[in-house]
Amino acid sequence: MIAFLKVLETIVENKIGHLNPAILAHVITNRCNLRCKYCVFWRRKFDEEPSTNKVFSVIDQAEELGISFYSVTGGEPLLRDDIPEILKHAHDKGMVTTLVTNGILLDKQLESIAPHLNALSISLDSHLAEHSTHRCDAETYWKIRKNIEMAAECKKRHKNHKVNINTVISQINLHDLDALVKLVDELDIGITFEPVVTMVPESPTLAYDEDFKHVIDTLIEMKDSDYPIWNSKRYLELIRDSKTFDCCSFLLVRLDPDGNVIVPCYHPEVTTRVGTIHERTLKDIIESDERKRALMKSKECHRCYLTNYAEASLIYNNIFKTGLEQFRLWVEA
């Protein structure tokens, strides 16, 4: 509840002319133990990941600026041994903490991160191992499935700890989505979907055709029937109809593994580095003219439906509909 009120405060401030972020999205490492064909992160070179104390400092600065969400992504963030300490530091500051993982290392790390985590998102693209070869082999797939079941059980022991799987939609898994929804429903966890964004040549593709529309209509019907689909209905309608939206990328501060603040997002066609935490304070970077100019690129970029940007933008632009819908999901999940 407190975090949601902080987000409302940030939205009001932005509505009156500020460009204040609500989310610190930290790509804490590009290292990964998978080689997903659609992912750009494991392909990118980096110099040196920030130390634990440097991360603590950034979290402290973010909290002082009123940023209420700390989202840890990668690469695979659980490859860093200090992740439990980092999450605890942010959680103790009163921030909402989320972590995105491929799930492989959860059997080793789950119990140490769960007490400091509000939401755990695990990547899974199909209920079938044979439709997951663009991500991993069959043995790894079934290890991830086992760890998802373990995470679902862990959720029952930790109040306010939510678990979902995130599914990237492509032609490979297009007709697996309803089965995935039924799987997470049985596990009493949630699911989110986002269409694949083609950033590299070997990435799976997706056709926004009548077949795709029919599949998304099925998901909307399942959501209306109270299946645990955590996308907003407006987002599902947006991707079904291939519509554009006003991207409010200023709501996120994205930090890369080198300590650079990148704007407006991580798509290679528009990414701009506007400052580094090794040389400047987070406040200085956020308020800089470089960031303000780079944010304008979100008005010119190609259509994409990255959920962290799209859903945040839909909430900002439709607070009394989409925002309240997502708040209800958060409370009831």
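Here is how the numbers come out for the structure above:
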read-out: Residues of the stretch 211-301: accessible area per residue with a 1.4 Å probe, Å²; value: 45 Å²
read-out: Percent RCO, i.e. relative contact order, over the chain, from Cα pairs under 8 Å lying at least 6 residues apart; value: 18 percent
read-out: Most mobile of Ala179, Ala90, Ala152 in a GNM of the chain (Cα contacts under 10 Å); value: Ala179
read-out: Filter on Lys93/Lys155; Lys213/Lys299; Lys243/Lys299; Lys108/Lys143 - keep pairs with C-alpha separation over 18 Å; value: Lys93/Lys155; Lys213/Lys299
read-out: Theoretical ellipticity at 222 nm over the chain - DSSP helices of four or more residues, -39500 (n - 2.57) apiece, nearest 500; value: -11500 deg cm²/dmol
read-out: Reachable aspartates and glutamates from Lys283, criterion Cα separation under 19 angstrom, eight or more residues apart if same chain; value: Glu9, Glu13, Asp60, Glu63, Glu64, Asp256, Asp258
read-out: Sequence of His26, His278 when ordered by accessible area, the most exposed leading, probe 1.4 angstrom; value: His278, His26
read-out: For Pro50, net neighbour charge (Lys/Arg +1, Asp/Glu -1) across residues whose Cβ lies under 12 Å away; value: -4
read-out: J(HN,Hα) series, the stretch 242-250, from Karplus relation 6.51 cos²θ - 1.76 cosθ + 1.60, nearest Hz, glycine and proline x; value: 6, 8, 8, 8, 7, 6, 9, 5, 5
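The values are calculated or read from the model by the stated rules, or taken from the named source; none is laboratory data. Note that the structure is predicted; figures quoted are calculated from it, not measured. Here Cβ is always computed from backbone atoms with ideal geometry, including for glycine, and neighbour counts include all displayed protein chains. Note: areas computed on protein heavy atoms with side chains; ligands, DNA, RNA excluded. Shrake-Rupley method; radii C 1.70, N 1.55, O 1.52, S 1.80 Å.
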